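The values are calculated or read from the model by the stated rules, or taken from the named source; none is laboratory data. Bear in mind the structure is a predicted one, so any value in this text is a computation, not a measurement. When we count neighbours, we look across all protein chains shown, and the Cβ atoms used for this are built from the backbone with ideal geometry, even at glycine. Protein only, heavy atoms only, side chains kept; ligands, DNA and RNA dropped before computing areas. Shrake-Rupley method; radii C 1.70, N 1.55, O 1.52, S 1.80 Å.
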Amino acid sequence: MLELENSDVNSNSAAGRIALIVFFFILAYVFVVMEPDTFKESLTEEVHQIDKTLGDKSALVIINRAKSWYRFTFEKSGFSGFLNTLTMETGLKGDTYWRTPMARISENLKMLWYQACMRASVTLFWAFLILPMFFAALADGYYKRKIKQHEFTISSTGYFRLSYWLAILGIVCVKLYFIVPSAGLMNPLFPLFVGLGIALLARNLISNASKVM
């Protein structure tokens, strides 16, 4: 297989650090800056978008599954109750100085968790379509590489690296997808498009691998 040079490995590490910085920046924005009412409005809009795009029946399955996951992982686990205790009045002088921001963080964390459950449910909805196409794309790339082994051509290093970096970008986008506030932009088709894109890029990576493998 075509090997990545040291510069590619270093760039990969840098990309990972940048993605981590973006991840924490988004969390800081959600917890510190974003108002709970604004977050709630964005989630409501996203639910309407799911209903509008996928239809009432599919939307009902997705939302009910997300609610079930949320109740099991957040409420029944006791984590939600723990957050509520952090915002209770203590009777101490000046406790409003920390209870007010803590209440905002608590409410935003609850909605962020529900948002992650909902988007995971949307992703699962598309997984039954994406996974067969993903494995088909991998098989297609494998047999294309087999054909190239008997041709008097060389694998495209530039195409291989381009596909590699685009695939990395797609994976980063999937990770950020679960925490980025909607703002009406997170279309429920996003997991489908990204999943199919990664599948095509994986096919290109395999088909452009070294012919000596």
First in region 86-105 and at pLDDT 65 or above, second anywhere and not in a helix (DSSP H, G or I), Cβ under 6 Å, 6 or more apart:
Arg99/Thr87; Met102/Thr87; Ala103/Thr87
Do we find a residue being more than 30 Å from Phe31 (Cβ to Cβ) and not small (Gly, Ala, Ser) anywhere in region 109-123?
no
Can you tell me which residue is farthest from Leu192 (Cα to Cα) among those in region 135-160 that are at pLDDT below 75 and open to solvent by 60 Å² or more (accessible area, probe 1.4 Å)?
Phe152
Residue among Leu54, Leu83 that alone is on the phi < 0 side of the Ramachandran plot and either modelled with pLDDT of 80 or more or exposed (fewer than 12 other Cβ atoms within 10 Å of the Cβ) (or both):
Leu54
Residues being touching an Asp or Glu at 6+ places or on another chain (Cβ under 6 Å) and open to solvent by 90 Å² or more (accessible area, probe 1.4 Å) - total across region 57-80:
0
Counted residues in region 28-44 being within 18 Å of Ala66 (Cα to Cα) and among the polar types (S, T, N, Q) come to 2
